[in-house]
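Each remark here refers to the structure printed beneath this line.
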Amino acid sequence: MIQRRPIVGVMGSGEHEFADLAEPVGRTIAAAGWHLLTGGGAGVMTAVARAFTAVPGRAGLSLGVIRAASAGHLGEAKTSRRYEGRGPNPWVEVPIFTHLPLSGAQGKHELSRNHINVLTATVVVVLPGGDGSASELELALEYGRPVVLFLGRETVGGATAGMLARRYGSALAVATTEADCARRLRDLVGT
């Protein structure tokens, strides 16, 4: 029987890298031998994947679930479909191109790849971001995925770690330092 490696999904801003948070998370995931899953785009997704792939001798792969650039390819095709993906960044080793174009405030819609991101992950790490990252956090909790929230002094969807901890209670593992985030990940992954 094949033993599958855990997949840690890292969700966060598609614009800003928040490298001080994303890079240590990427290195932790790589050193543990787990796979990394992101949305394959810019910002946090680039920073965490860049740090992950820089770890020598790692066993896991960098996976990117890529959203479609538009909805133009959806619907009945008369002849052929024109498709353009939003990514992947250079540090995605296995890009998974989807037909799903929605994100941001529409991140919980059935045409958003966020469902795939969350459902594929063994554990979800939420770093600072906007509405799309907040929708991934909500989906992770709705689908019963373990969540580590690592925001530092930043926010996700405009909410601080304290606000989210009060809103969701023990459903969130709130990490305050790099070491705390690594410990919580090890506890939740179970290895």
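The values are calculated or read from the model by the stated rules, or taken from the named source; none is laboratory data. Predicted model, so just to flag it, every value in this text is computed and none were measured. Reconstructed Cβ throughout: ideal geometry from the backbone, glycine too, with neighbour counts over all protein chains shown. Quick note on the areas: whole protein, heavy atoms, side chains included, nothing else; ligands and nucleic acids left out. Shrake-Rupley method; radii C 1.70, N 1.55, O 1.52, S 1.80 Å.
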Report summary line: In whole percent, the fraction of accessible protein surface over segment 85-168 that belongs to carbon or sulfur atoms, probe radius 1.4 Å, stands at 51 percent
**Report entry** Size of electric dipole in segment 52-110: Cβ of Lys, Arg +1 and of Asp, Glu -1, about Cα centre, debye, nearest 20
**Finding:** 80 debye
Query raised in the report: On average, how much accessible surface per residue is there in segment 23-131, in Å², for a 1.4 Å probe, leaving out ligands, DNA and RNA?
Result: 44 Å²
Query raised in the report: How far is helix 19-32 tilted, in degrees, relative to the longest principal axis of the Cα atoms in the chain, given as a value from 0 to 90 rounded to the nearest 10?
Result: 80 degrees
Query raised in the report: Against the longest alpha carbon principal axis of the chain, how many degrees, from 0 to 90 and to the nearest 10, is the axis of helix 44-53 turned?
Result: 70 degrees
Report summary line: Ranking Trp34, Trp91 from most to least accessible area with a 1.4 Å probe gives Trp91, Trp34
Report summary line: Options (1) 9, 29, 20, 9, 13, 14, 6, 1; (2) 10, 38, 38, 14, 1; (3) 10, 40, 35, 12, 3, 0 are given for P(r) over Cα pairs in 10 Å bins from 0, in percent, and the computed one is (3)
Query raised in the report: Where the centre of each part is set by its Cα atoms, how far does segment 45-96 sit from segment 23-42, in angstrom?
Result: 15 Å
Query raised in the report: Going by alpha carbons, how many degrees (0 to 90, nearest 10) lie between the helix axis of 178-189 and the longest principal axis of the chain?
Result: 70 degrees
Query raised in the report: How much of the calculated P(r) for segment 1-56 lies past 15 Å, in percent of all Cα pairs?
Result: 40 percent
Query raised in the report: So what are the ³J(HN,Hα) numbers for segment 164-174, from phi and the Karplus equation (6.51, -1.76, 1.60; θ = phi - 60°), rounded to whole Hz, Gly and Pro as x?
Result: 5, 5, 5, 5, 9, x, 6, 5, 10, 9, 8
Report summary line: Taking the reciprocal of mean 1/r across every pair of different Cα atoms in segment 124-191, the Kirkwood radius in Å is 11.8 Å
